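Q: First the structure, which I've put down as structure tokens, then a few questions once you've had a look.
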Amino acid sequence: MKTSLPENAAGRLVPVAINGVAQTPFRGVGQFRPQGRRARPLIRSCADYPADGNKVVAGLRAALERAGAADGMTISTHHHLRNGDALTGLLFKTLHEMGCKNLRWFPSASFPVHEQLIPYLIDGTIHHIEGSLNGPLGRFASEGRMRGTGVLRSHGTRYQAVQDGEVRIDLAVIAAPAADAFGNANGVYGPSACGPLGFALADAEYAETVIVVTDNLVPFPCVPWHLQGNHVDFVVPVASLGDPAKIISGTTQITKSPDRLLIAEYIAQFVEAAGILRDGFSFQAGAGGTSLAFVQFLKERMKRLGVRARFVRGGSTRYLVELLEEGLAEYILDGQAFDQEGVRSLRENPRHLNTSPFTSYNYHGKGNFASLVDFVVLGATEVDLHFNANVVTHSEGMLLHGLGGWQDCLFARCVILALPSFRDRVPIIVDEVTTLCGPGEMIDVVVTERGIAVNPLRTDLLAALAGSSLPLRSLAEIQREVFALCGGPPAQPRRDREHPIAVVKWVDGTLLDSVFRVIV
């Protein structure tokens, strides 16, 4: 059936309803104001829980049966074990064996390891996914094979959706590398230690039933308690949660590409020339090879100038940990660990702090940390001549990445996109992005190996850079050069623009854009 797709304030086509639920189209940055009150979980009584605090249940199936797992429920998981996650596969295998159908999977993120869930999407155990659709799951959805419509939310928007009652979680199943029988849990001890557990906070606070699963049951109290047992219904011991070595997920190595090293060096030059690199500054960079190289270039400049950061935002890596331990940063505020050095530091260093999407990113709150950051370095799959950016689809239209905290980070004081000007001879600077994830007014600088483009809206940055030796160019100039090298603009994706397979939410919960079925 043809879907009604009116145009939103960004000029993008979005459905009026998703999976039978009415939606609000994007109205512009800061233009939508939420109404009403937050979701209200059921009031519970201690009379219904063991007085000795022992909530241990023998086996995941027994816990799911006691929780009343049934058709049509919303099942949530978190992603701190990233590509090493073994629990989610076990969870849906168990739900499949119990005969559950039409489930909504609500992960904080998915990874290639979750390709094992595709048979459950095909047989109807899972109806659709609301969360990132990385790699194989994204390709499955892009081909129009998922029954429902996917919903892509940033980390902050996911918390907001639960808090606001847009998503009601029936069952939260939380992997805890350390937990006690009462349900207090953390991610920094045990054989599956993976770092913070903040992305499971909304699930613990608002889900109807919370099941903590651990391969490291410790005596009460389990400290630090990143999650509090007062939210937890059942605790299930298992042999293993997965492989914490795979939280790296193929990134967290400094790039060896000369072009990407040049991009990293340009960014370091830019923040110094623009006057952003000063004592007490703050920043966030990702875990990709270019971002890590940038941190090393930044570190050299910090030493030379004698400045240190008041705080840096994680995901943590060993390179951020080095800044902390060498006294170049006073604090790491961390949402997830991208390597085991991040886990160790969070466990041992009181200046390495556990944070959550509520504190860092939730747009429907009384402020958050994102807007306190001086600059952030992000990636993207495409950017257009109006600085609009895409981070979820490739130029052929395939949905291959999630949003993560990318949209939330756009509220930093200076947003820098670090991009190669082309990948595999496909130009990255396009006339119009395939999928809009970040409005151009939120993106200040695009750094490529062929030059640095500053958004004309940032007249303050342009004034600060006047007379600098940086290779400042317009996006149009760089685009023309790259088109000449690559033989012209990239081919237009072949998409069925009457049938969205997923939507991109903005941080306020409105619909920013649609992802359409790719015609293969």
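The values are calculated or read from the model by the stated rules, or taken from the named source; none is laboratory data. From a predicted model like this one, the values you see are computed outputs, not experimental measurements. Here Cβ is always computed from backbone atoms with ideal geometry, including for glycine, and neighbour counts include all displayed protein chains. What goes into the accessible areas is simple: the full protein's heavy atoms, side chains included, and nothing from ligands, DNA or RNA. Shrake-Rupley method; radii C 1.70, N 1.55, O 1.52, S 1.80 Å.
Q: So which of Ala161, Ala179, Ala202, Ala172 is small (Gly, Ala, Ser) and more than 20 Å from the chain's Cα centre (by Cα)?
A: Being small (Gly, Ala, Ser) and more than 20 Å from the chain's Cα centre (by Cα) holds for just one of Ala161, Ala179, Ala202, Ala172, which is Ala179.
Q: Within segment 376-391, can you find the residues that are crowded, with 21+ Cβ neighbours inside 10 Å and either at positive phi or under 18 Å from the mean Cα position of the chain (by Cα) (or both)? Break it down into steps so the answer makes sense when it comes.
A: Going residue by residue through segment 376-391, those that are crowded, with 21+ Cβ neighbours inside 10 Å are 376-378, 380-383, 387-391.
Once the filter is applied, which keeps residues that are crowded, with 21+ Cβ neighbours inside 10 Å and either at positive phi or under 18 Å from the mean Cα position of the chain (by Cα) (or both), segment 376-391 yields Val376, Val377, Leu378, Ala380, Thr381, Glu382, Phe387, Ala389, Asn390, Val391.
Q: Then there's this: What do you reckon, is Phe297 aromatic (Phe, Trp, Tyr) and in contact with a strand residue (DSSP E or B) (Cβ under 8 Å, 6 or more places away or on another chain)?
A: Details: aromatic (Phe, Trp, Tyr): yes; in contact with a strand residue (DSSP E or B) (Cβ under 8 Å, 6 or more places away or on another chain): no.
So Phe297 does not fit the description; no.
Q: Kindly indicate the residue of segment 1-27 that is in a loop (DSSP other than H, G, I, E, B) and without any contact (Cβ under 8 Å) to a residue 40 or more places away in the chain and also least open to solvent (accessible area, probe 1.4 Å) among those meeting that condition.
A: Top of the filtered list is Gly11.
Q: Mind listing just one residue for me: the one in segment 469-500 that is modelled with pLDDT of 95 or more and over 23 Å from Val426 (Cβ atoms) and, of those, surrounded by the fewest Cβ atoms within 10 Å (Cβ to Cβ)?
A: Ser469
Q: A follow-up question, please. Quick one: which of Ala62, Ala47 is open to solvent by 50 Å² or more (accessible area, probe 1.4 Å), out of contact with any His (no Cβ under 6 Å at 6 or more places or on another chain), of a type in the set (A, V, I, L, M, F, W, C) and outside any loop (DSSP other than H, G, I, E, B)?
A: It is Ala47.
Q: Hey, can you tell me all the residues within segment 68-86 that are open to solvent by 10 Å² or more (accessible area, probe 1.4 Å) and part of a helix (DSSP H, G or I)?
A: Arg82, Asn83, listed by residue number.
Q: Take the residues in segment 392-448 that are polar (S, T, N, Q) and within 25 Å of Val312 (Cα to Cα), then tell me which one is nearest to the chain's Cα centre (by Cα). Working first, answer last.
A: So in segment 392-448, the residues polar (S, T, N, Q) come out as 393, 395, 407, 421, 434-435, 448.
Keeping just the survivors that are within 25 Å of Val312 (Cα to Cα) gives 407, 448.
Details: Gln407: 9, Thr448: 23 Å.
The selected residue is Gln407.
Q: For a quick check of your reading of the model, give me the residue pairs whose first member lies in segment 491-520 and is without any contact (Cβ under 8 Å) to a residue 60 or more places away in the chain, whose second is open to solvent by 10 Å² or more (accessible area, probe 1.4 Å), with beta-carbon atoms closer than 8 Å and at least 6 apart or on different chains.
A: Between residues of segment 491-520 that are without any contact (Cβ under 8 Å) to a residue 60 or more places away in the chain and residues that are open to solvent by 10 Å² or more (accessible area, probe 1.4 Å), the close pairs are Ile519/Arg494; Ile519/Arg495; Ile519/Asp496.
Q: Pick out, from segment 405-496, the helices (runs of 4 or more DSSP H) lying fully within it that include 2 or more residues that are in contact with a Leu (Cβ under 7 Å, 6 or more places away or on another chain).
A: It comes to 406-409, 475-486.
Q: Kindly indicate whether any position in segment 206-228 is part of a loop (DSSP other than H, G, I, E, B) and under 20 Å from the mean Cα position of the chain (by Cα). Even if it seems obvious, please write down each step before you answer.
A: Just the residues of segment 206-228 that are part of a loop (DSSP other than H, G, I, E, B), to begin with: 207-208, 215-216, 218-226, 228.
Now drop any that are not under 20 Å from the mean Cα position of the chain (by Cα), which leaves 226.
Scanning segment 206-228 turns up at least one residue that is part of a loop (DSSP other than H, G, I, E, B) and under 20 Å from the mean Cα position of the chain (by Cα).
Q: Right, something else. Take segment 501-514 and flag every residue that is surrounded by 24 or more Cβ atoms within 10 Å (Cβ to Cβ) and charged (D, E, K, R).
A: Selection gives Lys505, Asp513.
Q: Could you list, in sequence order, the residues of segment 154-171 that are over 16 Å from Ala502 (Cβ atoms), among the small types (Gly, Ala, Ser) and crowded, with 24+ Cβ neighbours inside 10 Å?
A: Within segment 154-171, Gly156 is the sole residue that qualifies.
Q: Something else now. If you scan segment 447-468, which residues turn out to be β-branched (Val, Ile, Thr) and surrounded by 14 or more Cβ atoms within 10 Å (Cβ to Cβ)?
A: Val447, Thr448, Ile452, Val454
Q: Say we look at segment 380-394 and pick out the residues that are outside any strand (DSSP E or B) and hydrophobic (A, V, I, L, M, F, W, C); which of these is farthest from Phe111 (Cα to Cα)?
A: The qualifying residue farthest from Phe111 (Cα to Cα) is Leu385.
Q: Hey, another quick one. Return yes when Ser108 is surrounded by 23 or more Cβ atoms within 10 Å (Cβ to Cβ), over 30 Å from Ala181 (Cα atoms) and among the polar types (S, T, N, Q) and no when it is not. Walk me through it before giving the result.
A: Values: surrounded by 23 or more Cβ atoms within 10 Å (Cβ to Cβ): yes; over 30 Å from Ala181 (Cα atoms): no; among the polar types (S, T, N, Q): yes.
Criteria not met by Ser108.
Q: So is Leu436 surrounded by 14 or more Cβ atoms within 10 Å (Cβ to Cβ), farther than 23 Å from His128 by Cα and either touching a residue at least 24 places away in the same chain (Cβ under 8 Å) or among the aliphatic types (A, V, I, L, M) (or both) or not? Spell out the reasoning first.
A: Values: surrounded by 14 or more Cβ atoms within 10 Å (Cβ to Cβ): yes; farther than 23 Å from His128 by Cα: no; either touching a residue at least 24 places away in the same chain (Cβ under 8 Å) or among the aliphatic types (A, V, I, L, M) (or both): yes.
In short, no.
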